[in-house]
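Peer 1: I'd like to ask you about the structure that follows.
The values are calculated or read from the model by the stated rules, or taken from the named source; none is laboratory data. None of the values given here were measured: they were computed from a predicted structure. Cβ placement follows ideal geometry from the backbone for every residue including glycine, while neighbour counts extend to all protein chains displayed.
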Amino acid sequence: MNSTSQDQSDAFGFLDALVEISRHIRWLVIVPMAVALMVMAALYLRPGRFVSQAIIAIPASAPDAVGAVNIWPRYRPVNLVASQAVILMKAPGVLDKVLSASRTGSLPILDADRSALLTRIQADVIKGDDSLIKLTVRGNSAAEAQATANQLIDAWLQTQLPSPRQLAELAKWRAHAQSLLTTAQALLDGPKGSLSSAAGLGELLDRYFAQLMDIDRAIAGPGRELVVQGPTLPEAPQDVPYAVTFIQTALATAIFLIMGILIRLFFIVEGRDPDKARKLGQVRASLGRHPDGVSPTDR
């Protein structure tokens, strides 16, 4: 009978947990509130509270010309999909140009600088339209957020410019296209033939001229025409739900502390039983602790 009563008194019950929690009620109130206040302070003082947004369109690749009018191997200034453009916007070469534009002097750019800038940049493909990219840039002020977004777009556009080898090839094709265009124009201005031949020459002249314009656009590279919506100038810092954040942080901290109290109480109560105490000692030993709670290295 006494053994049964002893077992019941050593059992881990709801009242034991309630008593243990009530003993630490002061810390269960003070610590969560302190943690929540620190989180709110960090949110209030964090950099990048101003947000500038822009939308960039990636044009679809146009089909190549066919037949006799295909006078040059078409060079597409932007020959990539939106997902690839997002990756390029975060490439080290692009980030370095943005950092260099915002610095004075010749200080070296470190990986930590690139990582800090990356935390302020978010570029995503808009769902439902694979050709549009939404760019979001944070800054300590409205002007800084907008300027950084513009610098990032300009640096990314520079990566789409043709290389020196491509420029040399395009220059040759442009001279060839200009020669064909001049010849077609001379034939059209010469002795008049049949109306059908004149109409054919006129159509050919239009196509040669269109391809010459394509080559000129390829040489110039893509420009700001890809920016559907330019970087905005935020009027106020981004709102933070401080009340919700405070409540969520305080509750999460309180739950974490209560779990720690209950786990500690569980081991204390279970340790009163000799058989369970021996098993707990085996667990401590397997974790590198002596059964009495002292590490073997501390002895």
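Conditions (1) assigned by TED's automatic domain parsing to the domain that holds W156; (2) at pLDDT 75 or above, marked per residue:
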position	(1), (2)
S3	no, no
A36	no, yes
A57	yes, yes
P63	yes, no
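Peer 1: Consider R207 carefully, then state whether it is closer than 30 Å to L180 by Cβ and basic (K, R). It would help to see each step written out before you state the result.
Peer 2: Numbers: closer than 30 Å to L180 by Cβ: yes; basic (K, R): yes.
Spelling it out, R207 is indeed closer than 30 Å to L180 by Cβ and basic (K, R).
Peer 1: Hey, can you tell me all the residues within region 16-57 that are under 30 Å from G230 (Cβ atoms), in a helix (DSSP H, G or I) and of a type in the set (S, T, Y)?
Peer 2: Step one: of region 16-57, the residues under 30 Å from G230 (Cβ atoms) are 43-57.
Next, only the ones that are in a helix (DSSP H, G or I) stay: 43-45.
Residue satisfying the conditions is Y44 alone.
Peer 1: Same structure, new question: Given the structure, is L257 in a helix (DSSP H, G or I) and buried (at least 16 other Cβ atoms within 10 Å of the Cβ)? Full working, then the answer.
Peer 2: Values: in a helix (DSSP H, G or I): yes; buried (at least 16 other Cβ atoms within 10 Å of the Cβ): yes.
Against the criterion (in a helix (DSSP H, G or I) and buried (at least 16 other Cβ atoms within 10 Å of the Cβ)), L257 qualifies.
Yes/no matrix, rows are residues, columns are (1) within 18 Å of D216 (Cβ to Cβ); (2) touching a Ser or Thr at 6+ places or on another chain (Cβ under 7 Å):
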site: P108; (1), (2): no, no
site: V125; (1), (2): no, yes
site: L132; (1), (2): no, no
site: T136; (1), (2): no, no
site: N140; (1), (2): no, no
site: L157; (1), (2): yes, no
site: H176; (1), (2): yes, no
site: Q185; (1), (2): yes, no
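Peer 1: Also, I was wondering about something else. Name the residues in region 153-177 that are in contact with a Leu (Cβ under 7 Å, 6 or more places away or on another chain) and surrounded by fewer than 17 Cβ atoms within 10 Å (Cβ to Cβ), would you?
Peer 2: Answer for region 153-177, where residues must be in contact with a Leu (Cβ under 7 Å, 6 or more places away or on another chain) and surrounded by fewer than 17 Cβ atoms within 10 Å (Cβ to Cβ): T159, P162.
Peer 1: Which one of D239, D214, D298, D292 is of a type in the set (D, E) and at pLDDT 75 or above? Step through it out loud before you land on a result.
Peer 2: Numbers: D239 fails: at pLDDT 75 or above; D298 fails: at pLDDT 75 or above; D292 fails: at pLDDT 75 or above.
Going through D239, D214, D298, D292 in turn, just one is of a type in the set (D, E) and at pLDDT 75 or above: D214.
Peer 1: For the condition buried (at least 18 other Cβ atoms within 10 Å of the Cβ) and either out of contact with any Pro (no Cβ under 9 Å at 6 or more places or on another chain) or not assigned by TED's automatic domain parsing to the domain that holds L233 (or both), what is the one hit in I126, I121, I87? If you could, list the steps in order and put the result at the bottom.
Peer 2: Working: I126 fails: buried (at least 18 other Cβ atoms within 10 Å of the Cβ); I87 fails: buried (at least 18 other Cβ atoms within 10 Å of the Cβ).
Result: I121 is the single residue among I126, I121, I87 that is buried (at least 18 other Cβ atoms within 10 Å of the Cβ) and either out of contact with any Pro (no Cβ under 9 Å at 6 or more places or on another chain) or not assigned by TED's automatic domain parsing to the domain that holds L233 (or both).
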